[in-house]
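Everything below concerns the one structure shown next.
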Amino acid sequence: MKDFLYRFFQGRYGAYGTDRMTRFLLVFAAILLVLSFLTPVGFLYYIAFIILFYCYFRMFSKNIPARYKENETFVKYTDKFLDFFKNLKFGANRNKSFHIYKCPKCGQKIRIPRGKGKVSVRCPVCGEEFIKRA
Ligand SMILES: [Zn+2]
């Protein structure tokens with residue numbers, strides 16, 4: 001049986017373990033299932049099944065680069081999402097002592113301490129330099 005499973009998973013995405021996207025989707029599906037039982041919103045049950053189906057599809061998929069890329073995109077966006085909440089949490093405090101400027105070249109947000117008069121700012125991402133009043 002173990003041998004069979006080994007052969008079955010060989011060359012499939014699931015052989016490399018579960019990625020962050022799969023783990024998130026499994027938890028999300030579980031939450032939906034619980035909600036569908038606790039609330040009158042019965043269709044959540046179907047959504048949970050579609051998500052579970054998609055998880056299995058990814059694990060059994062042989063197109064590993066495509067699945068890997070999916071997870072990379074997922075990680076990128078969830079990181080942005082988490083950063084957004086971190087910014088909310090510390091934002092109120094932070095805005096008092098810092099100015100936030102956008103780099104005119106690449107749009108990267110840069111924090112500059114207040115009360116320094118005119119400062120030359122160097123973008124950490126693209127290296128563009130610009131003058132701002134902080
Ligand atoms: Zn820049």
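Computed values, structure above
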{"quantity": "Meets criteria (exposed (fewer than 14 other Cβ atoms within 10 Å of the Cβ), over 27 Å from S36 (Cβ atoms) and not acidic (D, E)) for L82", "calculated": "no"}
{"quantity": "Meets criteria (away from the ligand (no atom under 16 Å from the Cβ), of a type in the set (D, E, K, R) and closer than 30 Å to R7 by Cα) for D19", "calculated": "yes"}
{"quantity": "Selected residue (only one of K89, K109, K118 is modelled with pLDDT of 80 or more, more than 14 Å from the ligand (Cβ to nearest atom) and basic (K, R))", "calculated": "K118"}
{"quantity": "Residues within segment 121-134 that are closer than 12 Å to K102 by Cβ, near the ligand (Cβ under 10 Å from one of its atoms) and in contact with a strand residue (DSSP E or B) (Cβ under 6 Å, 6 or more places away or on another chain), tallied", "calculated": "2"}
{"quantity": "Filter result for C55 (of a type in the set (A, V, I, L, M, F, W, C) and in contact with a Ser or Thr (Cβ under 7 Å, 6 or more places away or on another chain))", "calculated": "yes"}
{"quantity": "Of residues in segment 51-74 being β-branched (V, I, T) and more than 27 Å from S36 (Cα to Cα), the one surrounded by the fewest Cβ atoms within 10 Å (Cβ to Cβ)", "calculated": "T73"}
{"quantity": "Odd one out for R67, checked against (1) more than 16 Å from the ligand (Cβ to nearest atom); (2) basic (K, R); (3) more than 30 Å from Y16 (Cα to Cα)", "calculated": "(3)"}
{"quantity": "Tabulated pairs, segment 72-83, first in contact (Cβ under 8 Å) with a residue 24 or more places away in the chain, second assigned to a helix (DSSP H, G or I) and surrounded by 10 or more Cβ atoms within 10 Å (Cβ to Cβ), C-beta under 6 angstrom, 6+ apart or interchain", "calculated": "F74/M21; V75/R20"}
{"quantity": "Inter-residue pairs, beta-carbon under 9 Å, first modelled with pLDDT of 80 or more and among the basic types (K, R) and in segment 1-21, second surrounded by 10 or more Cβ atoms within 10 Å (Cβ to Cβ) and outside any loop (DSSP other than H, G, I, E, B), 6+ apart", "calculated": "R12/M59; R12/F60; R12/I64; R20/N71; R20/F74; R20/V75; R20/T78"}
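The values are calculated or read from the model by the stated rules, or taken from the named source; none is laboratory data. Computed from a prediction, not measured in an experiment: that's the story for all the values here. All Cβ positions, even for glycine, are placed from backbone atoms using ideal geometry, and neighbour counts span all protein chains on display.
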